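Structure, as structure tokens:
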Amino acid sequence: MKKLTTSLVLLLLTLCFLLCGCENHGATMISAGNGDVEISVNVFQLYLSRAKGRLHAAGDAVNDPAYWATYTELEGEETRKEYYTNEVLETLRYIAAALLLYEELELTLSDEVEASIDEWIEDLIDEVGEGSETKLNSVLQAYGANVTVLRDAWIMDAKVQRLKDYLYGENGSLLSSSVKEEFYQKTFYRGYQMLYANYYFDYIKDAEGNVAYFEDLVGEGGSVIGVRYAYDRKNGVGTSETDKYGHQVYRIKNEDGTLGAIAYNTTEGRTELETDEKGEPKVKYYTDEQMKKRYEELQHIAEECKGDADLFLAAMEKYSDNPEFNAKYAPNGMYFPEGVYVTDTVFYTFSVELAKLEIGEMAILNSDTGYYLIMRVDLDEGAWSKPANNRWFQMLEDLTIEYMLQQRLQDYLTQVTVDESLRDSVDITMVAANNYY
């Protein structure tokens, strides 16, 4: 068995120490009012582990010490460790303020809600702890918690949700369209994108090196029985040649009367990609020299389109290598809320870089798949209500509620205090990534 490192031993001792006393609720780190609200340092650790779990699920290298030591902004004074630790602390400060309002409004949780939490914990004891609360506690210790702390956190979360439902209705049912529009206009930004890929798919060519066009061969009853070349039989000239399918070849008649290239029906025919032995399209890559030229072309497009969203839309339609993305996912552009972490890697990059731009400004981004050209554009009124934009506004109600609640809690925040010595005793690097508890 490998020996525990000194740092790990100290970490486990710290977690054990912080769980001692206060009947296993943990030492109080955040308090509000006259002791009406108390949040333990161990609940803080549990929340830190949840935040770390979300980062891990997004693909961040949360187990690499270098990741946490990195500064994320040019003018920033915080490392990732400091930033995310402070972010979780601020979240709990707002929760403490929310619980004060909860008490002031004399709200309560239903017996069903508390029973469901207790039942869930009992299931954890049976399944994860194999019937032993002590064994489950040993699992939760990696997150700075035990069964009591876990229940405290879930009860606290349930109370905050009860407060939100009371103030704003379940699922934001009391939020008017005008409130949603105001929040959207205040906090969202919008952008367009196009891709100049570093790869391409080659089309099947005929024996003369020209891209071939195909059409279905239809049999009796209208059923498709095969495929053949799609010739322009109206404008082309039939020859004595036959193709590989056994059909007459049509060619373009040159001005001097000679026959030229094969005459394809490019209007009704279709091109087909070269495929490998598995039937998958063959991927080919541009050379470094070709990509340098493509970058210069993209720079030219950016210069031409700067400040003109309509011109950029036309360029996207004409030149982009991922038109299907815009057609399927972003027919009206991409929409991102300020300050919200986007888990998808590409979308995260888009959201961060678009936020740096002013309306009409553009930027070229380098990626594993090529160069993206993005433009920040004006928000369009009521975008959140359009079905075509649904994927971008799935959290609109939740974000609106969070924003409104934060504004309402400003006065209550003055009643929240933090034990700085306890706060300084832990950070996000000291807990494991938690995606379940």
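Return yes or no: is Leu259 surrounded by 11 or more Cβ atoms within 10 Å (Cβ to Cβ), closer than 30 Å to Asn198 by Cα and among the hydrophobic types (A, V, I, L, M, F, W, C)?
no
Mind checking whether some residue in segment 390-398 is out of contact with any Cys (no Cβ under 7 Å at 6 or more places or on another chain), touching a residue at least 24 places away in the same chain (Cβ under 8 Å) and farther than 30 Å from Leu92 by Cβ?
yes
Working only within segment 294-332, note down all residues that are surrounded by 15 or more Cβ atoms within 10 Å (Cβ to Cβ), among the small types (Gly, Ala, Ser) and assigned to a helix (DSSP H, G or I).
Across segment 294-332, the qualifying residues are Ala302, Ala309, Ala315.
Take the residues in segment 32-84 that are touching a residue at least 12 places away in the same chain (Cβ under 8 Å) and of a type in the set (Phe, Trp, Tyr), then tell me which one is surrounded by the most Cβ atoms within 10 Å (Cβ to Cβ).
Phe44
Keeping to segment 282-293, report how many residues are open to solvent by less than 50 Å² (accessible area, probe 1.4 Å) and either within 20 Å of Tyr229 (Cβ to Cβ) or among the basic types (Lys, Arg) (or both).
0
Only one of these conditions is not met by Tyr341: (1) open to solvent by 70 Å² or more (accessible area, probe 1.4 Å); (2) modelled with pLDDT of 95 or more. Which number is it?
(2)
All but one of (1) open to solvent by 20 Å² or more (accessible area, probe 1.4 Å); (2) of a type in the set (A, V, I, L, M, F, W, C); (3) touching a strand residue (DSSP E or B) at 6+ places or on another chain (Cβ under 6 Å) hold for Phe214; which doesn't?
So the condition that Phe214 fails would be (1).
Report, ordered by the first and then the second residue, all pairs with beta carbons closer than 9 Å, sequence separation of six or more or different chains, a first member in segment 287-311 that is more than 12 Å from Tyr196 (Cβ to Cβ), and a second member that is β-branched (Val, Ile, Thr).
Gly307/Ile359; Ala309/Ile359; Ala309/Val377
Which residues, counting only those in segment 217-240, are in contact (Cβ under 8 Å) with a residue 24 or more places away in the chain, open to solvent by less than 80 Å² (accessible area, probe 1.4 Å) and more than 21 Å from Glu274 (Cα to Cα)?
Asp232, Gly236, Val237
Test Ser132 against the criterion of being open to solvent by 50 Å² or more (accessible area, probe 1.4 Å), over 30 Å from Thr414 (Cβ atoms) and modelled with pLDDT of 95 or more, and give yes or no.
no
Hey, any hits in segment 186-202 for a residue that's of a type in the set (Val, Ile, Thr) and under 27 Å from the mean Cα position of the chain (by Cα)?
Scanning segment 186-202, I find at least one residue that is of a type in the set (Val, Ile, Thr) and under 27 Å from the mean Cα position of the chain (by Cα), so the answer is yes.
Does Asp243 meet the test of being open to solvent by less than 50 Å² (accessible area, probe 1.4 Å), without any contact (Cβ under 8 Å) to a residue 60 or more places away in the chain, in contact with a strand residue (DSSP E or B) (Cβ under 9 Å, 6 or more places away or on another chain) and not basic (Lys, Arg)?
For Asp243, the condition - open to solvent by less than 50 Å² (accessible area, probe 1.4 Å), without any contact (Cβ under 8 Å) to a residue 60 or more places away in the chain, in contact with a strand residue (DSSP E or B) (Cβ under 9 Å, 6 or more places away or on another chain) and not basic (Lys, Arg) - is met.
Failed condition for Ser178, given (1) open to solvent by less than 20 Å² (accessible area, probe 1.4 Å); (2) within 30 Å of Asp310 (Cβ to Cβ); (3) among the small types (Gly, Ala, Ser); (4) free of Cβ contacts under 8 Å to residues at least 40 places away in the same chain, with all others met?
(1)
Any idea which of Thr369, Thr417 is surrounded by fewer than 20 Cβ atoms within 10 Å (Cβ to Cβ), β-branched (Val, Ile, Thr) and within 30 Å of Val37 (Cβ to Cβ)?
Thr417
Among the listed residues Glu87, Glu106, Glu112, Glu119, which satisfies the condition of being open to solvent by 70 Å² or more (accessible area, probe 1.4 Å) and on the phi > 0 side of the Ramachandran plot?
Going through Glu87, Glu106, Glu112, Glu119 in turn, the sole match is Glu106.
Give the residues of segment 269-279 that are part of a loop (DSSP other than H, G, I, E, B) and surrounded by 10 or more Cβ atoms within 10 Å (Cβ to Cβ), sorted by residue number.
Scanning segment 269-279 gives Gly269, Thr271, Glu272, Glu274.
Exactly one of (1) within 21 Å of the chain's Cα centre (by Cα); (2) open to solvent by less than 60 Å² (accessible area, probe 1.4 Å) is unmet by Tyr94. Its number?
So Tyr94 meets the others, but not (1).
Filter segment 142-169 down to the residues that are farther than 27 Å from Gly53 by Cα and either touching a residue at least 40 places away in the same chain (Cβ under 8 Å) or open to solvent by 40 Å² or more (accessible area, probe 1.4 Å) (or both) and list them by number.
Result: Tyr166, Leu167, Tyr168.
The values are calculated or read from the model by the stated rules, or taken from the named source; none is laboratory data. Source: prediction; values computed, not measured. Neighbour counts are summed over all protein chains in view; Cβ atoms, including those assigned to glycine, are modelled from backbone coordinates with ideal geometry. Just so you know, the surface numbers come from the protein's heavy atoms only, side chains and all, with ligands and any DNA or RNA stripped out. Shrake-Rupley method; radii C 1.70, N 1.55, O 1.52, S 1.80 Å.
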